[in-house]
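The values are calculated or read from the model by the stated rules, or taken from the named source; none is laboratory data. Note that the structure is predicted; figures quoted are calculated from it, not measured. Positions of Cβ are generated from backbone atoms using ideal geometry, with glycine treated the same way; all protein chains shown enter the neighbour counts. Note: areas computed on protein heavy atoms with side chains; ligands, DNA, RNA excluded. Shrake-Rupley method; radii C 1.70, N 1.55, O 1.52, S 1.80 Å.
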Amino acid sequence: MQVILLGHGRLGSALAEGWRLTGTVADPTILTRAVPPVCPPDAQALVVAVKPAAWREAVAPLLATLPADAVVVSVMAGVRASDLSDALPGRPVVRVMPTTAVAQAQGVAAVWSDDADARALAHALFDPIADTVDLDEEPMLDAATAVAGSAPAFFYALAQSLAAAGVESGLTPDAAERLSRGALRSAGSGAGTDASLEALIARIASPGGTTRAGLDALKAADLDAAGRAAVRAAVTRARELG
Ligand SMILES: NC(=O)c1ccc[n+]([C@@H]2O[C@H](COP(=O)([O-])OP(=O)(O)OC[C@H]3O[C@@H](n4cnc5c(N)ncnc54)[C@H](OP(=O)(O)O)[C@@H]3O)[C@@H](O)[C@H]2O)c1
């Protein structure tokens with residue numbers, strides 16, 4: 001597939017790496033500030049991977065050469081499809097919210113478009129590098145961004161607070177952080193299997209054991225409320241920014 005990748009930062013380079021790794025897109029046209037903003041005439045897709053604040057300025061010079069039937073694939077948080085359609089009239093738009101683990105072909109990506117062909121093109125690009133999750137409505141992308149895009153930071157924050165509690169229980173800060181990071185890696189490898197989250201928990205928490213005691217304490221401290229608060233705050237912020 002002939003793909004133009006606009007923006008080669010953290011996410012753009014992760015996409016290029018994942019596509020190379022899986023042979024999905026062997027040779028994308030990568031447009032950075034240093035490259036003249038000219039589209040190849042056979043381009044089928046323009047993947048917009050610049051910061052939301054920079055997209056209008058980045059996309060404007062492409063209007064003259066972007067093929068009229070190219071699909072616009074936006075991976076930007078909070079930029080509405082209708083705004084992209086207004087800037088690049090006539091081209092179908094699909095929004096995708098991936099994680100940077102696409103670089104290792106282990107990402108997750110929420111996909112939304114009201115155009116079936118654009119959705120199909122996004123699947124062709126993202127299925128090889130991510131677990132793709134179709135959404136029915138565009139606003140759901142904000143929730144998907146919170147639950148997938150932002151959530152690794154939420155898990156790191158929980159790991160930090162567990163490490164801090166370990167220090168209070170007598171571990172050195174170095175030992176506590178290493179142990180907590182190791183636990184996070186272990187949780188991540190479980191999440192990479194087909195087992196449900198409930199089954200993964202059950203594998204570790206035997207009835208009456210130490211893990212079960214800790215889980216009960218998390219529930220009593222209202223972990224669900226903390227999770228809800230984090231997702232709601234991220235969704236609210238996305239809507240303010242959009
Ligand atoms: N990082 C993530 O985990 C993640 C996840 C999901 C979605 N996203 C979305 O992906 C987008 C990019 O995020 P990021 O984290 O990759 O940001 P980033 O690392 O800052 O990358 C943005 C890139 O766009 C380039 N750029 C800016 N203006 C340009 C122009 N006119 N022409 C060509 N390139 C231009 C920047 O170049 P300069 O350095 O020269 O400015 C930079 O390399 C954002 O919209 C974000 O919402 C990111």
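For ALA64 and THR210, FRET efficiency with R0 = 45 Å and r from the beta-carbon atoms, rounded to 0.05? E between THR210 and ALA64, to the nearest 0.05, is 0.10.
Please give the calculated 222 nm ellipticity per residue for the chain, where each DSSP H segment of at least 4 residues contributes -39500 (n - 2.57) and the sum is spread over every residue; nearest 500 deg cm²/dmol?
-14500 deg cm²/dmol
For region 3-135, the equivalent ellipsoid derived from the alpha-carbon gyration tensor has semi-axes of 20, 17, 14 Å in decreasing order.
Leaving out ligands, DNA and RNA, and with a 1.4 Å probe, what % of the accessible surface on region 3-135 is carbon or sulfur? Summing carbon and sulfur atoms, their accessible area is 55 percent of the total for region 3-135. Once you put a point 7 Å from the Cα of GLU240 and another 7 Å from the Cα of ASP174, both along the Cβ direction, what distance in nm separates them? If labels sit at GLU240 and ASP174, their model points lie 4.1 nm apart. Put simply, the Cα atoms of region 143-241 extend 42, 31, 27 Å along their principal axes, the longest span coming first.
Net charge dipole, the chain: roughly 680 debye, given to the nearest 20, about the Cα centre with Cβ charges of +1 for Lys and Arg and -1 for Asp and Glu. Rounded, prolate or oblate: which fits region 1-66 when a ≥ b ≥ c are the square roots of the eigenvalues of the alpha-carbon gyration tensor, with rounded for a/c under 1.5 and prolate only if a/b beats b/c? Note, shape of region 1-66 comes out oblate. Which part of region 104-131 falls in the paramagnetic zone of ALA153, meaning amide N under 20 Å from the point 7 Å along Cα-to-beta-carbon? 107-110, by backbone N distance to the label point. Over all pairs of different C-alpha atoms, the chain has a mean inverse distance whose reciprocal, the Kirkwood radius, equals 19.8 Å. Compared with the alpha-carbon gap, the fully stretched path from ALA183 to ASP222 is longer by 11.9 nm at 0.36 nm per residue.
Normalising the average separation of contacting C-alpha pairs (under 8 angstrom, six or more residues apart) by the number of residues puts the relative contact order of region 143-241 at 36 percent.
DSSP beta bridges fully contained in the chain are about 15 percent antiparallel. Entry note, the chain: relative contact order of 15 percent, from Cα contacts under 8 Å with a spacing of 6+ residues. Neighbours of TRP112, meaning other residues whose beta-carbon lies under 12 angstrom from its beta-carbon, give a summed charge of -4 when Lys and Arg score +1 and Asp and Glu score -1. Peptides 190-201, 114-125, 147-158 ranked from most to least packed give 114-125, 147-158, 190-201, packing being the mean of other C-beta atoms within 10 angstrom over each peptide's residues. Averaging 1/r over each pair of different alpha-carbon atoms in region 65-132 and inverting the result gives 12.2 Å, the Kirkwood hydrodynamic radius. Placing THR210, THR65, THR100 in order of accessible area, with the largest value first and a 1.4 Å probe, yields THR210, THR100, THR65.
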